[in-house]
Amino acid sequence: MAAPPVDHYEVLGVATTAGDDEIRRRYRFLALAFHPDRYSRNPEHHQLAEQQIKRINEAYRVLSDPAARAQFDTARQLLDSTAAARARSNLSVYASSLQDTARAAEQVRRAEHELRIAREQRDAALHEKATLQAQLAELGHLHAGERSTQAAELSALAKQVDQLTRERDELASDLKATQERSGRRVERLKEELERKNRLVERLQNAKSQWESSSQNRTELLTQRVDRLREELASRDRQLADALAARQLAQDQLAQERRSATRTTQSYSSALGVSEIEAARLQVELDALNATQQRSRTIMRLWQIAAIIGIANTVILIVLVLQRLGG
């Protein structure tokens, strides 16, 4: 392979052992430094910059590609040492002069740019100063107005604070009075609860006493009913006996009436006695029936009285429970 006429490492100004990152950084720096637009004022420098940027682009193209770089390194080792060294020296000097020229032009451009920026900053500072002075005057007027407004608001706030303080004191006194009333009401409720508890206890005692007395009264009523039944049975037996005696008397009366044809006068007194006895027996029978009816009525009255007492007790207990629940 023929030896390349240019040493790309010298064009970029890097060592043969430079890495990809170093070659990339060096290319960016040289491409920015030798860009032809920077030398548009001087045609000669512009032409030189175009030639140099082409050599820089070519050098970066070869060295950024691993295969092309390997081929370039192989060809570079085969260069004639003397001619190549002389050519490289001349090119190195030329490249150095171009780099110095580019650095000087860059410094001039930076100085002009900084001067322009300084002038713009000065103009902006003067404008800003005038604006700030106008704003300061306006702020002075606003500050005076705000001070008067704040004074009025402060006075109003002071009045509101006084009003709120009075309202707070009134609320505190009302709250205290409410608490005292609530305490007294709680005490009254406690006393009422104690009275209700005592009332419940008395009602329970009364209920137990009523139940015991009711049981006793029921037993007494049962005994009286038994006695009345026994008396009624005895009266029934007496009535049966009276009826039998009446039947016997009627039979005797019939016999006496058959023989009355002859002994009417003699038996008239006996007939009157028999009628009187029959009337007496009838009266006793009526009295016995009335007594039996009265006994049944009394029994019914006792039963009704017991039912009424139980109903009154149930109603009283319901009322007490409702009052305790309320």
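Quick notes on this structure:
- Only one of the listed residues (Leu301, Leu248, Leu316) is within 30 Å of Lys196 (Cα to Cα) and modelled with pLDDT of 85 or more. That residue is Leu316.
- Being surrounded by 14 or more Cβ atoms within 10 Å (Cβ to Cβ) and at negative phi holds for only one residue in Leu243, Leu248, Leu203, Leu220, and it is Leu203.
- Taking residues in segment 296-314 that are assigned by TED's automatic domain parsing to the domain that holds Gln223, and partners anywhere that are in a helix (DSSP H, G or I) and small (Gly, Ala, Ser), the pairs with Cβ atoms closer than 8 Å and at least 6 places apart or on different chains are Ala306/Ser214; Gly309/Ser214; Ile310/Ser214.
- Test: Asn216 is under 30 Å from Ala305 (Cα atoms), modelled with pLDDT of 80 or more and either assigned to a helix (DSSP H, G or I) or of a type in the set (Ser, Thr, Tyr) (or both): no
For (1) surrounded by 13 or more Cβ atoms within 10 Å (Cβ to Cβ); (2) at pLDDT 90 or above; (3) touching an Asp or Glu at 6+ places or on another chain (Cβ under 8 Å); (4) not polar (S, T, N, Q), each residue gets a yes or a no:
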residue: Val14; (1), (2), (3), (4): yes, yes, yes, yes
residue: Ala59; (1), (2), (3), (4): yes, yes, no, yes
residue: Leu63; (1), (2), (3), (4): yes, yes, no, yes
residue: Gln77; (1), (2), (3), (4): no, no, no, no
residue: Ala87; (1), (2), (3), (4): yes, no, no, yes
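- Some residue of segment 174-182 being in a helix (DSSP H, G or I), surrounded by 10 or more Cβ atoms within 10 Å (Cβ to Cβ), of a type in the set (Ser, Thr, Tyr) and not assigned by TED's automatic domain parsing to the domain that holds Ile317: yes
- Test result for Arg224, over 14 Å from Ile298 (Cβ atoms), assigned to a helix (DSSP H, G or I), more than 60 Å from the chain's Cα centre (by Cα) and assigned by TED's automatic domain parsing to the domain that holds Glu277: no
- Here Arg168, Arg119 are screened, and the one residue that is surrounded by 10 or more Cβ atoms within 10 Å (Cβ to Cβ) and either in contact with a strand residue (DSSP E or B) (Cβ under 7 Å, 6 or more places away or on another chain) or at pLDDT 70 or above (or both) is Arg168.
- Within segment 46-65, residues that are touching a residue at least 40 places away in the same chain (Cβ under 8 Å) have Cβ atoms under 7 Å from residues that are among the aromatic types (Phe, Trp, Tyr) in these pairs: Ala49/Phe34; Ala49/Tyr39; Gln52/Phe34; Ile56/Tyr27; Ile56/Phe34; Tyr60/Tyr27; Val62/Phe72, counting only partners at least 6 apart in sequence or on another chain.
The values are calculated or read from the model by the stated rules, or taken from the named source; none is laboratory data. Computed from a predicted model, the values in this text were never measured in an experiment. Please note: Cβ atoms are built from the backbone with ideal geometry, for glycine as well, and neighbour counts cover all protein chains shown.
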